[in-house]
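Everything on this sheet refers to the single structure shown next.
Here, each number is a calculation from the coordinates, and none is a lab measurement. In this text, all values refer to a predicted model and were calculated from it rather than measured experimentally. Positions of Cβ are generated from backbone atoms using ideal geometry, with glycine treated the same way; all protein chains shown enter the neighbour counts.
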Amino acid sequence: MSDLRYWVGFNIVRGIGPLRLRALLDTYGSIERAWHASADQLRSAGLDGRSIGNLLKARSELDLDRELKRIDAIGARVLTWDSPQYPRLLLETDAPPPVLYIRGELTDDDAWAVAVVGTRRASTYGREVTRRLADALARNGITIVSGLARGIDGIAHHAALASGGRTIAVFGCGIDHVYPAEHRQLASQIANQGALVSDYPLGTRPEARNFPPRNRIISGLSLGVLVTNAGKSSGALITADFAAEQGRDVFAVPGSILTQGSVGPNRLIQDGAKLVTKAEDVLEELNLTMVAEQTQARRVLPEDETEAALLQHLSPEPTHVDELQRRSNLEIAQVTSTLAMMELKGMVRQVGGMNYVVARESGFEYVID
């Protein structure tokens, strides 16, 4: 898009986050006009003196076309609020990051994602339960989201890759820095079998203060967050807190009351997190038990005119199969067989008594204009 440079520019300016950028867009109608607004205009739009000073300085010093070339040179691309590929789950959260830097690919299948997080100092127990759960979730078509850190994060990514599944790593630094350095090969594998994601500008170093805020992206990309092994002050608990604020499910693996790495999950369970002993606990709670089958069906069986005709008459309110037949003027056998395929593909759900609704969970919503 021609205005991509201005999105990148604003993302570099300190003091202009999602809320202030949204205010500027509401005021000026376009990212380009907001970028070129005068100091008085920016003040009228609600920016404080420091933010205005930072923006004016950036406008005089930044070569935005050069910034785009730098992004392209490392094999990355940029998604913004305006990008059709921007992850829908994340976009639905409060104050989603205006810009995401991506290496690899985000796909529609990533709408079925679960974050698996925990301590950097993983116990033997924590390592094993993480490996087993991440492997089982990935084998069931779930994208594993984590933070590329040492310990639990790295184990979760490795397990997803080993199972042939997808995984997303969210950075606490620029997409051009891999942290920790020993995970460079892992990051490369993830870029080939998933995506590396950051909202930090290129060149941002992996400073400690960057990691807690990035956890809101980990939870925001996910339908739920699973904490497998974490101490009482682990950053994984921050991710769980973000998940709760975003209306996402929180899951935790119980452990011995005598071990430090189980203090965090045990506390989450006390506070209402779903206790997990097997992957099915997560899949059933999120209604994701048929994701692998639905994904395969969607790939093999593309939408046709009959499906489109039925979707025209489906909504979140239950509609009986006989009513669908009457409205669509199709043969009843054709209606029932097509609905069976659509249910397998995750497009519709039967809610009892041969009544159907359009599917809205599992990250997909079909809207017919």
Margin query: Skipping prolines and chain starts, which residues have an amide H placed within reach, meaning under 5 Å, of the one on SER315, given they are 5 or more residues away or on another chain?
Written below: VAL358
Checklist line | Sorted peptide list for 160-167, 176-183, criterion being average Cβ within 10 angstrom, highest first | finding: 160-167, 176-183
Check: Given (1) 31, 25, 22; (2) 36, 30, 18; (3) 30, 28, 19 as candidate values of semi-axes √(5λ) of the Cα gyration tensor in Å, which corresponds to the one derived from the coordinates?
Finding: (2)
Check: How large is the charge dipole for the chain, taken about the Cα centre, if only the Cβ atoms of Lys, Arg (+1) and Asp, Glu (-1) carry charge, to the nearest 20 debye?
Finding: 1720 debye
Next item on the list: In whole angstrom, note down how far apart the Cα centers of the range 220-259 and the range 11-81 are.
Entry: 34 Å
Next item on the list: Averaging sequence separations of C-alpha pairs under 8 Å and six or more residues apart, then dividing by the length of the chain, give the relative contact order as a whole percent.
Entry: 13 percent
Note to self: Rounded to whole Å, give me the distance from the Cα center of the range 320-360 to that of the range 107-171.
What the structure shows: 35 Å
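Quick check on packing: order 93-104, 310-321 by the mean number of other C-beta atoms within 10 Å, highest mean leading.
Most protected by this proxy first, the peptides run 93-104, 310-321.
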Next item on the list: Using a Gaussian network model of the chain whose springs link C-alpha atoms within less than 10 Å, name the residue from ALA333, ALA111, ALA240 with the highest mean-square fluctuation.
Entry: ALA333
Check: When only alpha-carbon atoms count, how far does the range 1-64 stretch along each of its three principal axes, as whole angstroms with the largest first?
Finding: 27, 24, 19
Next item on the list: Evaluate E = 1/(1 + (r/R0)^6) for ASP40 and ASP72, where r is the Cβ-Cβ distance and R0 equals 30 Å; express this FRET efficiency to the nearest 0.05.
Entry: 0.25
Notebook entry, point to check: Fully extended, how many nm does the chain gain between GLU305 and ASP82 (0.36 nm per residue separation, minus their Cα-Cα distance)?
Noted result: 77.3 nm
Checklist line | Helical mean residue ellipticity (222 nm; -39500 (n - 2.57) per DSSP H run of 4+; nearest 500) of the chain | finding: -13000 deg cm²/dmol
